[in-house]
Amino acid sequence: MQLHTANAWQRHSAVAERIGKVYPALSKAHRKAADYVLANVFRAATMTIDELADVVGFSLATANRFAHALGFDGYPAFRAALVLDFASSLAPVEKLRDQVGRAATSAEIMANALTADIQNLEATRRALVPELCDRAVSMILNADRIFVLGFGASAHLAGITAHALEPYCRNVISVAGPGGPSQTARQFFKIDQRDLVIAMAFPRYVTDTITLATLAKERGAQLLAFTDVPTSPLVPLADVTLYAQTERLLAPTSDAAALALIQATCDAVAHRADRSVHAASKMTEVVLPWLHYPDWQEKPEAKQSKPAVKSKSDNGKPSLSKSTIKAAAVKAPSTKSVAKKAALT
């Protein structure tokens, strides 16, 4: 664990406070366990009693007595207190620990995951507030520049958002580039009230996203947030917040629900944007050379009808091309069929 994280934990943790109070009275073995917990708090929070006893080098009974020495009823209560200090970060780990202990087929796991995403989508749809949806779309369409901010897993969502908004907005930039947060800070140096930052953060929240969103607000930019719950650290910073329920059994968050909300917002932007059909058409025209077509399928620009090529005959008069003559011969009735039809009449 990084030192600044450990120090922050020691300032606010009930477990660290208990260790500090009783440390002078602990036995040599218990002090060794206390030192390990203070230096590896996150790892200790994920350990079973067997794992802690093994890494520290004492018995299960000593590990349990260590928990009692700190004032807990036993090791389970001690570990629960450690987990509580990292509730949001460890929640996915605890869910995974619970799920992998249950027998299930791969098909059952996949079906359960899809069911969970369907439930997430329904909850996300119910949480839509018409006024906030309208304000979000207006913010996007009225901004001079749009910076899409997301790190960690949200970096992929940020790229998709920028891609979807490009046809309808003059200047859209995904700042989750190779330069990282420091490069984003350089871009935000010139940001002002004419600009919009679209920030997205889902569990587990990335500190860089919150720090840069705070910087954007200090520079006067508007902030549109995509996140999961009202307790998200983005909410106090945002002018408008759109919520996606992103619960998942075996992972920290559901990207499917978050992506669906983002794409739904981009659809609303396309619906309200001026000359959106024209913009989409021009965008398609520009990317045509990069689109793949099978050998048997002509590209759209090759489908225009071409006039028959004319050549000049020996007497200087224009004549039809061979291909035109052949086509006419196929379509024209033969002399025999005409004569036969005349005889019958």
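The values are calculated or read from the model by the stated rules, or taken from the named source; none is laboratory data. These numbers were taken from a predicted model, which means no experiment stands behind them. Because the Cβ atoms are built from the backbone with ideal geometry, glycine has one as well, and the counts that use them run over all protein chains shown. Accessible surface is based on the protein model in full, side chains and every heavy atom, while ligands, DNA and RNA are left aside. Shrake-Rupley method; radii C 1.70, N 1.55, O 1.52, S 1.80 Å.
Worth a mention:
- The range 231-270 - residue that is of a type outside the set (D, E, K, R) and without any contact (Cβ under 8 Å) to a residue 12 or more places away in the chain and, of those, surrounded by the fewest Cβ atoms within 10 Å (Cβ to Cβ): T231
- Matching residues in the range 217-243 - criterion: being among the charged types (D, E, K, R) and either in a helix (DSSP H, G or I) or in contact with a Pro (Cβ under 9 Å, 6 or more places away or on another chain) (or both): K217, E218, D228
- Residue match in the range 163-171 (condition: more than 30 Å from T115 (Cβ to Cβ) and touching a Ser or Thr at 6+ places or on another chain (Cβ under 8 Å)): yes
- When the range 69-80 is filtered for residues that are in a helix (DSSP H, G or I) and open to solvent by 50 Å² or more (accessible area, probe 1.4 Å), the ones remaining, listed by number, are P76, A80.
- Residue match in the range 57-68 (condition: outside any helix (DSSP H, G or I), closer than 30 Å to E247 by Cα and modelled with pLDDT of 75 or more): no
- Taking the criterion of being farther than 16 Å from V83 by Cα and open to solvent by less than 30 Å² (accessible area, probe 1.4 Å), the only residue of the range 35-54 that qualifies is A53.
- Which numbered condition F42 fails, given (1) within 12 Å of R79 (Cβ to Cβ); (2) at pLDDT below 90: (1)
- Scanning the range 113-126 for residues that are over 15 Å from A264 (Cβ atoms) and surrounded by 15 or more Cβ atoms within 10 Å (Cβ to Cβ) yields a count of 2.
- Sub-7 Å Cβ pairs linking a first residue in the range 201-213 that is of a type in the set (S, T, N, Q) to a second residue that is part of a loop (DSSP other than H, G, I, E, B), at least 6 apart or interchain, are T209/G150; T209/F151; T209/A201, ordered by first then second residue.
- Each residue in the range 157-197 was checked for being open to solvent by 50 Å² or more (accessible area, probe 1.4 Å), in contact (Cβ under 8 Å) with a residue 60 or more places away in the chain and in a loop (DSSP other than H, G, I, E, B), and 2 pass.
- Flag if D208 is over 30 Å from M110 (Cα atoms), open to solvent by less than 40 Å² (accessible area, probe 1.4 Å) and either of a type outside the set (S, T, N, Q) or assigned to a loop (DSSP other than H, G, I, E, B) (or both): no
- D195 acidic (D, E), under 29 Å from V286 (Cβ atoms) and out of contact with any Ser or Thr (no Cβ under 9 Å at 6 or more places or on another chain): yes
- Test: S154 is surrounded by 16 or more Cβ atoms within 10 Å (Cβ to Cβ) and either touching a Phe, Trp or Tyr at 6+ places or on another chain (Cβ under 9 Å) or modelled with pLDDT under 90 (or both): yes
- Each residue in the range 213-230 was checked for being open to solvent by less than 30 Å² (accessible area, probe 1.4 Å), within 18 Å of the chain's Cα centre (by Cα) and of a type outside the set (D, E), and 6 of them qualify.
- With respect to the stated conditions, L96 fails to be at pLDDT below 95, open to solvent by 80 Å² or more (accessible area, probe 1.4 Å) and in a helix (DSSP H, G or I).
- Residue satisfying all of: in the range 134-153; in contact with a helix residue (DSSP H, G or I) (Cβ under 7 Å, 6 or more places away or on another chain) and part of a helix (DSSP H, G or I); farthest from A260 (Cα to Cα) among these: L141
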